[in-house]
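As C-alpha cells, the structure follows; a few thoughts come after it.
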Amino acid sequence: MTGTAAPTDEGRLVHLGIGNFARAHTLVATDRAGGWSVVAFTGRSAAMADALNAQGGKYGLIVRGAEGDEVGIVDVIDAVHPADDVDALVALLADPFTAVVTLTITEKGYAAGNDSATSAPARIALGLRARREAGVEEPIALVSCDNLTGNGEVLRKAVLEAADAETRDWFDAHVDVISTMVDRITPSADAGASEVVRERTGLDDQVPVVTEPFTEWVVEDRFRGRRPAWEKAGVQFTDDIELHELRKLRLLNGAHTLMAYAGQVAGVERVDEAIGHREVRALVEQLWSEARSTLDLPADQLDAYTTALEERFRNPRLADQLVRIAADGSVKLPVRALPVIAERGGPENAPGEVAAVAAWTAWVTDRVRAGEEIKDPRADGIAAAAAIEDATERVTGLLALLDVPAGDALIGAVVAEESRLPRA
C-alpha cells in the first residue's frame, strides 16, 4: 500500500514479521500512540496477510489475567503483504512518508548467511537503496524488537552486509538503527479465542491474539526523524538500554528456555506447570541466582523483577505451551545461557545454566528418537547428532551446533547434568 496519506496522519510505520507477539506488543503501542499508518509484512507464511486483510486489518486482543479476560479490538493496520512481496516493501521504503520500520523476525532472522532476496535484512537493504535513489533526505529509523542483546547493532550489521556500496556510504546520514527491549508473554491463541472475541466485541476474528496483562517496552532515545508517540502507551525511552536487555534476556528468557526443555523432560506441558514442579522450579532459582550475579542492578530491583516473573509464570489461564517456547533452541541458547556460563568462569560455576543446555540436549534427543518434529533452523544437524548412541559423542555433536568446540568442559558437564534432570 503506497497511496496518499490522510492529512492528519503523522507518518507511516512498516512492520516486518506480523506474528502474535507484534500484534500483542509493538502494534498495540503504535495503536495507542495514534496518528500513524501501519503496513505490515508476514514472516514465513502468507496466511496471516490473507486473514488480516479480510478483516480490514482489525484483530481481537485478549488480555488474559489470572481472574478474567479483557477483550478489545486493535485497529491500526492498513494493509498486510506476504514476505515475498519485495516490490511492495521497496516502494514503501522509498516513500518519504515512511519514517519507521519495526521488526519481529525472531533471533534466526538475523542469522549469518541469511542473505536471500527475501530475508528481512536483504529486503530492507533493497528498500533503502530505492530511498537513496529517490533522493529522500528525511531519516528513517529501523527498530529491532527481537530478543537479542544489542538487537539494533545486529540489525545494522545484517542490513549493511546486504547493501550495495553506495547505500552503505549513504546509510549513516539517513538511517537510525534503534535497539529496544521488549517483554510480553504471548502464547498461541487457544481454540476458543475467536469465540471470546466474537461474543465480547462482535468481530468475526480468525486470528485473535492472547497475551498477559504485563507489558514492557524500553527504546533507545535517538530518533532523528519522526516516530510514533509511544510514550502515550507507557513505552520507556532511555540512553542506556543494555542493562534492560540483559535483565530480561537472562532472567525471563533464560528461565523460559530452561523450563521449555526441563519441563517437557519432566513430563509437563505448560509454563505454569513447569514453575509449579518442585525440581524444575529449583533449577529456575539456581539459574536466576547465577544470572543475577552478572547484572549490575540493585538487589531490590532484581528481587522485584523475579517475584513478578514468578507471578506471571504461574498464571494458569495463560496456558503457555512449553513446546512453543522450545522452538529455535540452537539460536537461543548461545545468547541466553552460554554468555552467563562464560562470565561465571565456566560450567562448574554455573550449574543452573548448564542445566538449561542439558535439558535442551536431552529434549531434542528424546524428540528425535521418538520421531517427533523439532522446530529449529538446525533441525537436520540436531537429528544427526541426537541419533548418536555414545553420550559424549552425541552431546559433542549437539553442542557443536552452538559453536562449542570439541573437548570443551561444557560437554562433560552437560553429559553429567542430563542424568540428573527430573524425568517423567
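Short version: ³J(HN,Hα) in whole Hz for each residue of region 176-190, in order, from phi by Karplus 6.51 cos²θ - 1.76 cosθ + 1.60 (θ = phi - 60°), x for Gly and Pro, what are they?
Values, residue by residue: 9, 10, 10, 8, 9, 10, 10, 7, 6, 6, 9, x, 5, 5, 7 Hz.
Select from GLY43, VAL182, GLY65 the residue farthest towards the positive end of the dipole of the chain; place +1 on Cβ of Lys and Arg, -1 on Cβ of Asp and Glu, and compute about the Cα centre.
After comparing all options, I get GLY65.
In percent, what relative contact order does the chain have, based on Cα pairs under 8 Å that are 6 or more apart in sequence? Intermediate results must be reported in sequence, preceding the final value.
Working: 804 pairs, mean separation 61.6, N = 424.
It comes to 15 percent, rounded to a whole number.
Can you list residues whose amide H is under 5 Å from ARG270's amide H, if they're 5+ apart or on another chain and H is modeled 1.01 Å from N?
The answer is LEU322.
Within region 256-280, name every residue whose backbone N is under 11 Å away from a label modeled 7 Å from Cα of ALA391 along the Cβ vector.
Answer for this model: none.
Under a Cβ-Cβ cut-off of 13 Å, what is the net charge of the residues other than ARG394 that fall near it, where Lys and Arg count +1 and Asp and Glu count -1?
For residues surrounding ARG394, the net value is -4.
Rank LEU302, GLY127, GLN206 by how far each Cα sits towards the positive end of the charge dipole of the chain (+1 on Lys, Arg Cβ; -1 on Asp, Glu Cβ) and give me just the farthest.
Towards the positive end, the residue furthest out is GLN206.
Nothing charged except the Cβ atoms of Lys and Arg (+1) and of Asp and Glu (-1): what's the magnitude of the dipole of region 252-309 about its Cα centre? Round to the nearest 20 debye.
Numbers: 4 positive and 9 negative charges, 25 e Å.
Dipole about the Cα centre, nearest 20: 120 debye.
On a 0 to 90° scale, report how tilted helix 351-369 is relative to the longest principal axis of the chain, with both axes built from alpha carbons and the result rounded to the nearest 10.
Approximately 90 degrees, to the nearest ten.
Compute the long axis of helix 278-292 from its Cα atoms, compare it with the longest principal axis of the Cα atoms of the chain, and write down the angle in degrees, 0 to 90, nearest 10.
60 degrees
Taking the Cα centre as origin and putting +1 on Lys and Arg beta-carbons and -1 on Asp and Glu beta-carbons, what dipole magnitude results for region 190-236, to the nearest 20 debye?
It comes to approximately 480 debye.
Only Cα pairs under 8 Å and at least 6 apart count here; give the relative contact order of region 254-371 as a rounded whole percent.
41 percent
Within region 72-97, name every residue whose backbone N is under 14 Å away from a label modeled 7 Å from Cα of ASN53 along the Cβ vector.
Zone members listed by number: 78-89.
Sticking with the crude label model, points 7 Å out along Cα→Cβ, report the distance from ARG317 to ASP172 in nm, one decimal please.
The answer from the label model is 5.2 nm.
Only one of the values (1) 21.8; (2) 19.1; (3) 20.5 was calculated from this structure for mean projected area of the Cα convex hull in nm²; name its label.
Derived directly from the coordinates: (3).
Please report, as a whole percent, how much of the solvent-accessible surface of the chain comes from carbon and sulfur atoms (probe radius 1.4 Å).
48 percent
Per q in 0.09, 0.11, 0.13 Å⁻¹, report the Debye log10 I(q)/I(0) for region 135-286, using one uniform scatterer on each alpha carbon and no solvent.
Per q value, in the given order, log10 I(q)/I(0) is -0.46, -0.65, -0.84.
Just from its helices, what would the mean residue ellipticity at 222 nm be for the chain, if runs of 4 or more DSSP H residues each count -39500 (n - 2.57) and the sum is divided by every residue, rounded to the nearest 500 deg cm²/dmol?
Values: 20 runs with 194 residues, N = 424.
-13500 deg cm²/dmol, from helical runs alone.
Using a 1.4 Å probe and ignoring any ligands, DNA or RNA, find the accessible area of GLU107 and quote it in Å² to the nearest 10.
Estimated to the nearest 10 Å², GLU107 gives 20 Å².
Mind checking which lysines have their Cα closer than 19 Å to the Cα of LYS108? Skip sequence neighbours fewer than 8 apart in that chain.
Correct list for LYS108: LYS157, LYS248, LYS332, LYS375.
Only four residue types carry charge here, +1 at the Cβ of Lys and Arg and -1 at the Cβ of Asp and Glu. Report the dipole size of region 369-424 about the Cα centre in Debye, rounded to the nearest 20.
On the way: 6 positive and 11 negative charges, 36 e Å.
It comes to approximately 180 debye.
To the nearest 10 degrees, how steep is helix 165-174 against the longest Cα principal axis of the chain, on a 0 to 90 scale?
The answer is roughly 80 degrees.
Could you list which residues have their amide H under 5 Å from that of HIS15, counting only those 5 or more apart in sequence or on another chain, with H placed in the peptide plane?
VAL39, ALA40, PHE41, THR102
Counting only heavy atoms of the protein chains, get the accessible area per residue of the chain (1.4 Å probe) and round it to a whole Å² value.
On the way: 16920 Å² over 424 residues.
In whole numbers, the chain has 40 Å² accessible per residue.
The values are calculated or read from the model by the stated rules, or taken from the named source; none is laboratory data. All values reported here derive from a predicted model rather than from experimental measurement. Cβ atoms come from the backbone with ideal geometry, glycine included; neighbour counts cover every protein chain shown. All accessible areas refer to the heavy atoms of the entire protein, side chains included, with ligands and DNA or RNA removed. Shrake-Rupley method; radii C 1.70, N 1.55, O 1.52, S 1.80 Å.
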